[in-house]
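The values are calculated or read from the model by the stated rules, or taken from the named source; none is laboratory data. Model, not experiment: these values are computed from the prediction. Here the Cβ positions follow ideal geometry from the backbone for every residue, glycine too, while neighbour counts run over all protein chains shown. Note: areas computed on protein heavy atoms with side chains; ligands, DNA, RNA excluded. Shrake-Rupley method; radii C 1.70, N 1.55, O 1.52, S 1.80 Å.
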Amino acid sequence: MSDANVIHPTLLMVGQGEPMDAALRVALDRHGLRVEECVGDVKTAVRMAAPDVVFLVGDAAADGGRAILDVLAIDPVTNVVPVIVLGHAEKLDSRVTAFRSGAVAVVPRTASADQIATRVADVTRELGERGESHQDELGEATFDELVSLVAQELRSGILTVGRAN
């Protein structure tokens, strides 16, 4: 089968200030993804590009991508597009935030653009094969990270503890 007959998934890359931006674009292309750039409003860009997946990097990936995920979630056209966030593997709270906000995967930031692109391409292909979005795993976390996260959630009032009367 020739490469002309192969369908390449479209990835919409959203975010500014990513130090590995150019290297990621090249690596994602090399892994068979057609990379589109988000210009302007993210909802409009998603509607225009009709991507198979949205990839949040740089400022868009801050706080687990919550700001962008919230914007996409309120529109019935954009809320069905799977979102992958480039995150920090060591930060459990940012992974939890991303998953709570609707991300299908958090790809850990490494020093290798090719390693990141490989994981993004794998997740994109898995999504295509499943035909539906599937939540990725939170990954491993230390007991101290878990205790810290639960303590933070209790302080912020997200979790409530009540007494039986």
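A compact table of results
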item	result
Filtered residues of region 98-138 (kept if over 25 Å from G32 (Cβ atoms) and at pLDDT below 75)	L138
Residue in region 81-93 that is without any contact (Cβ under 8 Å) to a residue 24 or more places away in the chain, open to solvent by 80 Å² or more (accessible area, probe 1.4 Å), under 24 Å from R109 (Cα atoms) and not in a strand (DSSP E or B) present	yes
Any hit, region 112-119, residues being within 15 Å of D52 (Cβ to Cβ), within 12 Å of the chain's Cα centre (by Cα) and free of Cβ contacts under 8 Å to residues at least 60 places away in the same chain	no
